[in-house]
1. Take residue 313 and residue 232, extend 7 Å from each Cα along the Cα→Cβ direction, and tell me the distance between the two endpoints in nm.
2. With a ≥ b ≥ c the root eigenvalues of the C-alpha gyration tensor of the range 61-104, is it rounded (a/c under 1.5), prolate (a/b larger than b/c) or oblate?
3. Label the range 321-415 by shape, choosing from rounded, prolate and oblate, from the square roots a ≥ b ≥ c of the eigenvalues of the Cα gyration tensor; if a/c is under 1.5 it is rounded, and otherwise prolate applies when a/b is larger than b/c, oblate when it is not.
4. Tell me the Rg and the Dmax, in Å, that the Cα atoms of the range 96-171 produce.
5. (1) 21.8, 71; (2) 27.2, 108; (3) 22.9, 67: which one is Rg and Dmax of the Cα atoms in Å as calculated from this entry?
6. Can you tell me the 0 to 90 degree angle between the C-alpha axis of helix 415-432 and the longest principal axis of the chain, rounded to 10?
7. For the range 47-75 and the range 333-359, write down the distance between their C-alpha centroids in whole Å.
8. Taking 2.2 N^0.38 Å as the expected size of a compact globular protein, what ratio does the Cα radius of gyration of the range 211-265 give against it, to two decimals?
């Protein structure tokens, strides 16, 4: 009888300990979530941008994403009130941003430019670097040159070769220009997915995903973007609110129902975007949170509390050769017989006498040794020496690098920088690729 009592006592104690552990874990998970929420203080008068649906981007399994054809209606809320609407883009029939100003199908020389946001900036006339370059080459060669710009912001060499492989057979270019800045070595592949907002009807979100699937399943492989997208944003609504702006009707600008809905959507998006995901596994069976608290003073002994935004983390590899897909794509490009160049565009830190256009390794959030190794592996795999475009800049332009960029903090080219970049590419191509007047292509 005594043995039965002891057994019953042990079982009861075990159950009590288990219940205590489970209950403590529930409390801890609730507190972690509450602490994370408390870190986000919503702005009562937020400023943000919005788009009408469909948004500029569309998921594409092979390219990561494409831009929707046509103009993109969007606008902004400033300090909690409607500010303006406008048309962006346009996207073109090739899935790229901005208008096509040449006839690619009938051109004598067809080229693809595979770049990043640095080759998505326009001059004062609204022309991008490829527009200027194709015009200059056409005039010098006496033959029509057409360049399709497959630049994608926040992408690097991995994505550029993804696009090249996907488009070579379809578009049959005569030449490829891989144009990139130093950050291109660190970018992971990502896919853009526009999906319904789970909290508000008629609202949509855009997310970067590390996986090539339109259905988002693993929150830890995805990071939301701040843009608000709405099927309720129409040209008629924009016109009405624009009239209210002209009339100084502050009540409508602040109190319009859709303005309120856009703001509510934005605030919820900010909460979901900024509140971190906790990394603690509350289902783990090899640890006791109660024991850790009692003995070690913290229930999270040697544990990481919150997940990192790994989608923005740089590549963990130091050699492109370990990326099987990249290796296959490089071989595909080389075996296609289409000549190509690897061209490095300088940022403000890489201009001037100190670096003279060469790489500022370690200057963009990635270890210098890893960037240096990745650059060397890119040259080894492609069998191409990376060309520093800055060496083709006019000496007079090199005297004032700040006159070529948006600002000391933003190294993207300004309108003048776009012109200078196009001139440098013209010198490069006429000096190394095209031989006028026969327009021979050097393979």
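Values in this text are rule-based calculations from the coordinates and carry no lab data. The structure displayed is predicted, hence computed values, not measured ones. Cβ placement follows ideal geometry from the backbone for every residue including glycine, while neighbour counts extend to all protein chains displayed.
1. 3.9 nm
2. On the way: a/c = 4.82, a/b = 2.00, b/c = 2.41.
Oblate, because a/c is 1.5 or more while a/b does not exceed b/c.
3. Numbers: a/c = 2.53, a/b = 1.74, b/c = 1.45.
Cα axes put the range 321-415 in the prolate bin.
4. 12.5, 36
5. Evaluating Rg and Dmax of the Cα atoms in Å on these atoms matches (2).
6. So the helix axis and the longest Cα principal axis differ by about 60 degrees.
7. Using only Cα atoms to place each centre, the spacing works out to 29 Å.
8. That ratio works out to 1.62.
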